[in-house]
Amino acid sequence: MTDWWGLAGRRVLVAGAGGLGGAVLTALTELGCVCAAVDRSAETLRAAATSHPDLHTHVADLTDRSAVRAAVDELVGRLGGLDVAVHAVGVNDRRPILSVTPDGWRDLLAVNLDSAFHFAQVTGGIMTAQGDGRLILFSSVAGTLAHRDHGPYAASKGALNQLARVMANEWAPYGVTVNTIAPGYTPTGLTRQHLARPGVEETLTGLVPSGRLGAVDDVQGIVALLASPRSAYLTGQVIHVDGGRTLV
């Protein structure tokens, strides 16, 4: 098969090996990329490595800047370089804003926003220095829509969208693109418990013009596009993969 996307041999580092990160690893591995993954869960990495025997892995707390630096250095060394970096890490704590504690606020932003900043800054430094690269960040429709009980989560994703736009502006002269994928509600470890509550899935599905919730597979084509050399002129975008949810 012709490698029209130019992905064969591309060296990819994914932060977050479960859920959407796992879908990224599956898509890019099947398209010929050489992949590595970092996650705070050794169990998640073992599961990913079972599905992808050639996967390079490293356990690290991505909220810790020094741990990010060590993980990236090791995995990029094992890959032999870095062409694509993907951040697919996130947590949520659904509660009204008046119930959010200062510690809860800080903990959520540390995972969703601080880890993205550390990962982007370290990998971006490598890619800007070499004059080429793709940085892909996972956001959410909550970065645009004002969902109730999503205050810290929505704040983290809205900030991530804008951070990506600034990085795209600063790094475009160095041949590095930065884009954000914002999925709609998708059954993953982050959302399954919430979706299992009576009536929740039906209500959320009714808000989507396409008439269904997302699937992890829905992001794979967009990831392939953004990781490809053919997307060199596409940067600074927040791409909603949401079945039209943000249209209404």
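The values are calculated or read from the model by the stated rules, or taken from the named source; none is laboratory data. Everything numeric in this text was worked out from a predicted model, so none of it was measured. Cβ: placed from backbone, ideal geometry, glycine included. Neighbour counts: every protein chain shown. Note: accessible area is taken over every heavy atom of the protein model, side chains too, but ligands, DNA and RNA are not part of it. Shrake-Rupley method; radii C 1.70, N 1.55, O 1.52, S 1.80 Å.
Apart from one condition, VAL68 fits all of (1) more than 19 Å from ASN112 (Cβ to Cβ); (2) of a type in the set (A, V, I, L, M, F, W, C); (3) open to solvent by less than 30 Å² (accessible area, probe 1.4 Å); (4) in a helix (DSSP H, G or I); the exception is (1).
Taking interchain pairs and intrachain pairs at least six residues apart, which have beta carbon atoms under 8 angstrom, with the first residue in the range 14-31 and closer than 25 Å to ASP61 by Cβ and the second surrounded by 24 or more Cβ atoms within 10 Å (Cβ to Cβ) and polar (S, T, N, Q)? Note: pairs meeting the criteria are ALA15/SER115. The numbered conditions (1) within 15 Å of the chain's Cα centre (by Cα); (2) at positive phi are all true for GLY175 except (1). Residue count for the range 6-47 satisfying the condition of being open to solvent by 30 Å² or more (accessible area, probe 1.4 Å), within 12 Å of VAL223 (Cβ to Cβ) and either part of a helix (DSSP H, G or I) or at pLDDT below 95 (or both): 4.
Residues checked against (1) farther than 27 Å from SER231 by Cα; (2) out of contact with any Cys (no Cβ under 8 Å at 6 or more places or on another chain); (3) assigned to a helix (DSSP H, G or I):
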{"position": "ALA49", "(1), (2), (3)": "yes, yes, yes"}
{"position": "PRO53", "(1), (2), (3)": "yes, yes, no"}
{"position": "VAL86", "(1), (2), (3)": "no, yes, no"}
{"position": "ARG106", "(1), (2), (3)": "yes, yes, yes"}
{"position": "GLY125", "(1), (2), (3)": "no, yes, yes"}
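A count restricted to the range 139-151 and to residues that are open to solvent by 10 Å² or more (accessible area, probe 1.4 Å) and hydrophobic (A, V, I, L, M, F, W, C) stands at 2.
Of the residues making up the range 207-236, those that are in contact with a strand residue (DSSP E or B) (Cβ under 8 Å, 6 or more places away or on another chain), farther than 14 Å from ASN179 by Cα and assigned to a helix (DSSP H, G or I) number 1.
In the range 1-12, the residues that are basic (Lys, Arg) form Cβ pairs under 8 Å with partners that are part of a loop (DSSP other than H, G, I, E, B) and loosely packed, with under 14 Cβ neighbours inside 10 Å, at six or more places apart or across chains, as follows: ARG11/GLY80; ARG11/GLY81. Working carefully through the options GLN121, GLN193, GLN130, find the one that is modelled with pLDDT under 95, surrounded by fewer than 19 Cβ atoms within 10 Å (Cβ to Cβ) and either polar (S, T, N, Q) or in contact with a strand residue (DSSP E or B) (Cβ under 9 Å, 6 or more places away or on another chain) (or both). Checking each option against the conditions leaves just GLN193.
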